Amino acid sequence: MRWFLSLLSGVLFGAGLALSGMMNPARVRGFLDIFGDWDPTLAFVMGGAVIVMAIAWAIQRRITSPATDAKFHLPGTRDLDPRLIGGSALFGIGWGLAGLCPGPAIASLATSLVPAAIFVAAMLAGMLLFRLTEQREGF
């Protein structure tokens with residue numbers, strides 16, 4: 001049952017990305033082009049996501065455990081530190097240059113294999129590089 005709900009969630013997320021146009025790098029770059037031909041579509045997608053997430057958090061507070069696990073595994077809060085700020089900046093720069101972030105990139109493997117595969121390969125290489133340096137530096 002758990003694998004089925006995970007698969008269903010992934011398919012629903014991918015369908016939402018496709019339907020909203022967020023798998024299209026030109027749409028993302030259009031949103032970031034505030035002094036040119038600005039495309040506000042991404043703002044509406046983000047606003048919709050915030051509303052859905054606010055409802056989900058409100059429901060989660062009233063539930064003692066999720067349907068497929070004994071307890072919720074929620075992230076804790078963290079202070080702003082140089083790693084968080086640097087990682088956020090690096091993510092934003094990559095997102096602006098490529099027009100993709102991890103979720104849409106993986107979903108794009110189904111529609112535009114070669115460009116998405118190049119992005120996903122670079123993303124995985126960056127994750128591996130981080131893991132290697134994190135172990136060495138003791139972050």
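Worth pointing out:
- Modelled spin-label separation between residue 132 and residue 43, with each label point placed 7 Å from Cα along the Cα-to-Cβ direction: 4.2 nm.
- D by Stokes-Einstein for the stretch 48-120, Kirkwood Rh over Cα pairs, 4 °C, 1.567 mPa s: 83 µm²/s.
- Taking only the C-alpha atoms of the stretch 34-74, the Rg (one decimal) and the largest Cα-Cα distance, Dmax (whole number), read 16.2, 50 Å.
- CD proxy at 222 nm, helix term only [per DSSP H run n ≥ 4: -39500 (n - 2.57); per residue of the chain; nearest 500]: -23500 deg cm²/dmol
- Relative intensity of the stretch 6-103 on a log10 scale, I(q)/I(0) at q = 0.12, 0.15 Å⁻¹, equals -0.58, -0.87, per a Debye sum over C-alpha point scatterers of equal strength in the absence of solvent.
- Taking the number of Cβ atoms within 10 Å of each Cβ as an exposure proxy, the fewest-first ranking of 112, 9 is 9, 112.
- GNM result for the chain, Cα springs below 10 Å: residue of 123, 46, 22 fluctuating most strongly: 46
- Protection proxy ranking, highest mean first, for peptides 67-79, 23-35: 23-35, 67-79, where packing is the per-residue count of other beta-carbon atoms within 10 Å, averaged.
FYI, it's all coordinate maths here, none of it is from the lab. Bear in mind the structure is a predicted one, so any value in this text is a computation, not a measurement. Virtual Cβ from ideal backbone geometry, glycine too; neighbours counted across all protein chains shown.
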